[in-house]
Amino acid sequence: MNLRQLEIFYAIMQVGTVSGAAKNLNVSQPNVTRVLAHTEQQMGFALFERVKGRLVPTQEAKTLLPEAEKIYQQLGQFRSLTNKVKKGNQHLRIGAPPILANALLTPVIAKLSHDPALSIELSTANRNELCDGLLKNELDLAVCFGEEAPAGITQQTLLKEAMCALLPCSEQGNKQWSGNIELNELVSHPAGIIGLDSRDPLGLSLSQAIHQVDPHYHSQITVRSYSAAAELVLHHAGIAVVDPWTAQHYQQAHYLNRLSARKVSPDIAFSVSLLHAEHQPISLTAQYFSEQLIQSIKGPNDQGIT
């Protein structure tokens, strides 16, 4: 008895009629009758007797029923599992630098968290650590700055942006910082530019842009964290050039009238990429998350910096 025959046998045992079994299985009555007849012919004995329009189980059918129930229950459990997998009932592990986790990932995670079958783990780290996590199968997806990917990592560009300058508002008095800020003005300003670690994609882009203006420029202070650079501006330790999300955060009410963010001219461009390991097939959950992330990014992208 194959699984289809088992389904029909069990359905008839439950309802006692061909029509009822057909309805429960969402198939036609002739199909149920045909399969039942074929099953009885294969087995060499009758499973049901026809009594006044109903199918009454034979003793042989009653003997088979307990084992049939066990198999049918296992089949139901298997179907439930496949449905969960199809819907993406998995634990998804995502990594990103802190600013991208906050600005890009948390809205999508919050939206998906309404599905109780889905669990998500969000880790923050730098690009090298995230790529290492993907290769070690400690992460399913990573969102990073830059477009370059090491061997074994698949990269997809999510968006392109430009870096912004963060200036202490007290510096605006005589200089009248407004609109775009020329990079050569920042390079020549006595406050100095707070450097970003060149191992970081944004730090490398900033360093290359500065050295095109002044090949001998050297930052007195260099940091790895964009928020640390912004905090140093608050303490009047220099001028920061950071991503637009950090710049937007430091323009909010808590920092109102303390910092001003301006676009830098010419643009210091950078990209944000979605990464996953080539050796690890991307799950349905990860695919769905990626689709939701891309959809979220395609929405309004005004960072509020003028």
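The C-beta contact set for the range 266-283 (first residue more than 21 Å from GLY133 (Cα to Cα), second residue among the hydroxyl-bearing types (Ser, Thr, Tyr) and buried (at least 20 other Cβ atoms within 10 Å of the Cβ), distance under 7 angstrom, 6+ apart or interchain) comprises ILE268/SER205; PHE270/SER205.
Selection over the range 110-150 of residues that are in a loop (DSSP other than H, G, I, E, B) and either modelled with pLDDT of 90 or more or not aliphatic (A, V, I, L, M) (or both) gives a count of 15. For the range 16-27, the tally of residues that are surrounded by 11 or more Cβ atoms within 10 Å (Cβ to Cβ) and either touching a residue at least 12 places away in the same chain (Cβ under 8 Å) or not in a helix (DSSP H, G or I) (or both) stands at 7.
For the range 35-59, a residue qualifies if it is surrounded by fewer than 17 Cβ atoms within 10 Å (Cβ to Cβ) and touching a Ser or Thr at 6+ places or on another chain (Cβ under 9 Å), and the qualifying residues are PHE45, ALA46, GLU49, GLY53, ARG54. Scanning the range 252-267 for residues that are surrounded by 21 or more Cβ atoms within 10 Å (Cβ to Cβ) and assigned to a loop (DSSP other than H, G, I, E, B) yields no hits at all. Could you check, for the range 64-77, whether at least one of its residues is without any contact (Cβ under 8 Å) to a residue 60 or more places away in the chain and hydroxyl-bearing (Ser, Thr, Tyr)? Within the range 64-77, not a single residue is without any contact (Cβ under 8 Å) to a residue 60 or more places away in the chain and hydroxyl-bearing (Ser, Thr, Tyr).
Does GLU49 qualify as being of a type in the set (Asp, Glu) and outside any helix (DSSP H, G or I)? Yes, satisfied.
The number of residues in the range 202-233 that are surrounded by fewer than 21 Cβ atoms within 10 Å (Cβ to Cβ), touching a helix residue (DSSP H, G or I) at 6+ places or on another chain (Cβ under 8 Å) and part of a helix (DSSP H, G or I) comes to 3.
Candidates HIS279, HIS236, HIS249: the one that is exposed (fewer than 14 other Cβ atoms within 10 Å of the Cβ) and either over 22 Å from ILE181 (Cα atoms) or at pLDDT below 90 (or both) is HIS279. Just for the range 103-136: of the residues that are basic (Lys, Arg) and under 29 Å from ARG199 (Cβ atoms), which one is surrounded by the most Cβ atoms within 10 Å (Cβ to Cβ)? Within the range 103-136, the match that is surrounded by the most Cβ atoms within 10 Å (Cβ to Cβ) is ARG127.
The values are calculated or read from the model by the stated rules, or taken from the named source; none is laboratory data. It should be emphasised that the depicted structure is a prediction, and the values quoted were computed from it without experimental measurement. Every residue, glycine as well, gets a Cβ built from its backbone with ideal geometry; the counts of neighbours run over all protein chains shown.
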